[in-house]
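Comments concern the structure below.
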Amino acid sequence: MPSRYRPRRVSLRDGREVTLRAIAETDATKIVQAFERLSAESRYYRFMRYKKKLDDAALERGVHPQPGREFAFVATIRAVDGIDIVGAGQYVRASEGDDRTCEFAITVAEDWRGIGLATRMLASLVRRARLDGYETMEGWVIAQNTPMLAVARKLRFKIEPVPGDATVLHVQLAL
């Protein structure tokens, strides 16, 4: 079993800082607030469909990752009411019966993009997935989501078309 994920401060390219820490059950309301602040395009890029609200069951699964199999963390900043979540990352087992491949997802708030947060979060997920014993990390990225594709390239993910679907690319990294 990997060691606990210790919170850490991360400085980004524009000088702002976030705290990366494991997700907690108490983050559910802040996750909903962060989702509501995302643009329609951002929601489409993240969920691969237009989504008006977060599904309660998905939110519940998200704040209760299964140790050693799934992992989720958030990027937080101080706010008047405590914290705001400005980014989230997670991986889950890609499919039942395959305990060697995990699928990742990253979400970054609109005004926290382009300063290295997604890259730092994905790099952290890669390290953590290795600790959990995964051999491969993969994801599906909307072909128009050039910022996420740039992050994948920077971290040396292999990027390939999805047969029969020109709107999506498959990204994969051997861990």
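Any read-out appearing in this document is the output of simple, stated calculations on the displayed coordinates, not a laboratory observation. What you see is a predicted model; the values in this text were computed from it and never measured. Heads up, the Cβs are rebuilt from the backbone with ideal geometry, glycines too, and the neighbour counts pull from every protein chain shown.
Over the stretch 56-104, what is the relative contact order in percent, taking alpha-carbon pairs closer than 8 angstrom and at least six residues apart? Don't skip to the end; give the middle numbers.
Values: 57 pairs, mean separation 12.5, N = 49.
Computed value for the stretch 56-104: 25 percent relative contact order.
Find the centroid of the Cα atoms in the stretch 38-112 and in the stretch 131-175, then give the distance between the two in whole Å.
Going from one Cα centre to the other spans 16 Å.
How much length would be gained if the chain were fully extended between VAL80 and ARG8, taking 0.36 nm per residue of separation minus their Cα-Cα distance, in nm to one decimal?
Length difference between fully extended and current span is 23.8 nm.
Divide, for the chain, the radius of gyration over alpha carbons by 2.2 N^0.38 Å, where N is the residue count.
Numbers: Rg = 15.4 Å, N = 175, 2.2 N^0.38 = 15.7 Å.
The reported ratio for this selection is 0.98.
Give the peptides 87-96, 59-68 in descending order of average Cβ contacts within 10 Å, highest first.
Top of the packing list down: 87-96, 59-68.
Net charge near TYR44, counting Lys/Arg +1 and Asp/Glu -1 over other residues with Cβ under 13 Å of its Cβ? Before the final figure, lay out the partial values.
Details: positive: ARG43, ARG46, ARG49, LYS51, LYS52; negative: GLU41.
Spelling it out: positives minus negatives among the neighbours equals +4.
Residues of the stretch 155-175 with the amide nitrogen closer than 18 Å to a label point 7 Å from the Cα of TYR44, along Cα-to-Cβ, please.
Those under the cut-off are 165-169.
If r is the Cβ-Cβ distance from GLU25 to VAL168 and R0 is 35 Å, what FRET efficiency results, to the nearest 0.05? Before the final figure, lay out each step's value.
Working: r = 32 Å, r/R0 = 0.91.
Rounded to the nearest 0.05, the efficiency is 0.65.
Taking the chain as a Gaussian network, Cα atoms linked when under 10 Å apart, which of MET48, MET121, MET148 shows the biggest mean-square fluctuation?
Judging by the Gaussian network model, the answer is MET48.
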